Amino acid sequence: MSDATDAALDLEIRRATHDDYDAVVDFTSDIWADRGGDYIPDIYHDWLEADNETGKKTFLAAVDGEAAGIVQAVMLTPDEAWFQGIRVAADYRGRGVSHRLNEACFEWARAQGATVARVMIFSWNTVSVGAARASGYEPITEFRFAHPTPDSDAEGPQSVSSDPTATWRYWTHSDTRTQLSGLGLAPEEPWAIREITRDDFERFADETAVFAVESEDGLAGAAYRSRTFERDVEDESGDSSTETWAEYGVGAWDDAAAGRSLFAAIARDAAACGADQTRVLIPETARAVSDAAYAGVELAEEPDFVLGIDLTVH
């Protein structure tokens, strides 16, 4: 798929502002209508960065003053950038708008010191996957969310500790770390992924929770809770309520028994947090997905892709 810039477009890339809200809602209102609609109109004002904030910037593409696209760039660590929420108005798709927005993100991220940038794209969104590849991104990994039910009485066949050193030690040697290229959900930014370090596990142990599965043969699994959050939901009758979610940045284990033990520990932790729902990032492999299914854990219908770009050579 080609997304070369249309030379006929008088395209301006500038910082998005709160005054752009109505224009952004106009061109995002028809996106993913068959999947519940786009989330950006609901979070737009909270999503924008403060005027003096340097760790985040939201770009708007405009053609002759008309909003044509949007994207946000975020620095997750001193050298890891994350780009999210890229959208292009229907009339301007396939005309280079996403390419120009990406280029603006690349330039900004390099100026902040980033050496790598990543994006997450739903696997079913093939148009965006193609546009990302056309802008220079390369595939890194894919994952799926597992959703164990919070349960204070959940039990597994193996013991699980909250030792951050053991959790880190397992992570350093696990196949899952290799499959995910060392990435897990970032606690600093919703729906963002970055490299997970030893210091992170120490921090999670203090602020949220870590899990280390211990089998007779040694360490056999690891996970961490990245955050808890609340989400407004609406039932079929139109009544709204609030759900509490517990999010776990990665789940890694050796075999089915370790997987059951890890999911049981997560279910107990989620119940202790008062969570109504959970999600756990697991690698999109036949082993991990089938182990989770074997443990009776609900799974997302489709995986997500993570793509990245080396900003030192782009």
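The values are calculated or read from the model by the stated rules, or taken from the named source; none is laboratory data. Since this is a predicted model, take the numbers as computed values, not measurements. Here the Cβ is made from the backbone with ideal geometry for all residues, glycine too, and neighbour counts use every protein chain on show. SASA here: full protein model, heavy atoms, side chains in, ligands and nucleic acids out. Shrake-Rupley method; radii C 1.70, N 1.55, O 1.52, S 1.80 Å.
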Across segment 67-102, the tally of residues that are under 21 Å from the mean Cα position of the chain (by Cα), open to solvent by 30 Å² or more (accessible area, probe 1.4 Å) and acidic (D, E) stands at 1
Only one of these is small (G, A, S), exposed (fewer than 13 other Cβ atoms within 10 Å of the Cβ) and not in a loop (DSSP other than H, G, I, E, B): S261, S241. Name it.
S241
Run A300 past the list (1) surrounded by fewer than 23 Cβ atoms within 10 Å (Cβ to Cβ); (2) over 30 Å from S135 (Cα atoms); (3) small (G, A, S) and report the number of the one that doesn't hold.
(2)
Could you please let me know if G249 is on the phi > 0 side of the Ramachandran plot and either within 22 Å of the chain's Cα centre (by Cα) or not acidic (D, E) (or both)?
no
Identify all residues within segment 126-175 that are aliphatic (A, V, I, L, M) and in contact with a helix residue (DSSP H, G or I) (Cβ under 7 Å, 6 or more places away or on another chain); write none if there are none.
A131, A134, A146, A154, V160
Of all residues being of a type in the set (S, T, Y), without any contact (Cβ under 8 Å) to a residue 60 or more places away in the chain and assigned to a helix (DSSP H, G or I) in segment 159-171, which is least open to solvent (accessible area, probe 1.4 Å)? Just the residue, please.
T167
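Yes or no, residue by residue, for (1) part of a loop (DSSP other than H, G, I, E, B); (2) over 30 Å from Y21 (Cα atoms):
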| residue | (1), (2) |
| --- | --- |
| F83 | no, no |
| R87 | no, no |
| A117 | no, no |
| M120 | no, no |
| W124 | yes, no |
| A131 | no, no |
| I140 | no, yes |
| D153 | yes, yes |
| P157 | yes, yes |
Could you go through segment 105-122 and let me know if any residue there is within 18 Å of L311 (Cα to Cα), more than 20 Å from the chain's Cα centre (by Cα), free of Cβ contacts under 8 Å to residues at least 40 places away in the same chain and open to solvent by less than 60 Å² (accessible area, probe 1.4 Å).
yes
